[in-house]
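No lab work stands behind these numbers, since they all come straight from the coordinates. The shown structure was predicted, so the numbers you read here are calculated from the model rather than taken from an experiment. For neighbour counting, all protein chains shown are included, and Cβ atoms are generated from backbone atoms with ideal geometry for every residue, glycine included.
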Amino acid sequence: MLRFLLFIFLFYLIFKVLAKFLFPWLLASGINKMNADKQKNYQDFVKNKKKEEGRVSVDYVPPKGKHLSSDEGEYVDYEEVKD
């Protein structure tokens with residue numbers, strides 16, 4: 001039992017040291033990576049934004065939907081109902 005408690009206490013101390021030094025380093029490296037990705041995306045956006053004068057580019061093409069022909073459907077006349 002004493003050996004088990006000693007093991008838990010040592011695990012707690014090791015975890016506390018790792019949490020103090022390793023976790024902030026991991027967090028900082030993750031933030032730096034996100035910043036680098038954002039900067040790269042912004043540079044790509046600015047690079048693609050600069051186009052030649054008079055050149056047209058289409059970034060979005062809407063999907064083709066169902067088109068109704070003139071003979072589909074019919075006009076329904078309605079009457080207003082007064083209360």
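Along the axis of the charge dipole computed for the chain (Cβ charges of +1 for Lys and Arg, -1 for Asp and Glu, origin at the Cα centre), the listed residues PRO62, LEU2, ASN32 are led at the positive end by LEU2. Relative to the longest principal axis of the Cα atoms of the chain, the long axis of helix 2-49 lies at roughly 40 degrees.
Per-residue ellipticity at 222 nm, computed for the chain from helices alone with -39500 (n - 2.57) per DSSP H run of at least four residues, works out to -21500 deg cm²/dmol.
Let's test the formula: R0 of 41 Å, r as the Cβ-Cβ distance of PHE11 and LYS33. What FRET efficiency results, to the nearest 0.05?
0.85
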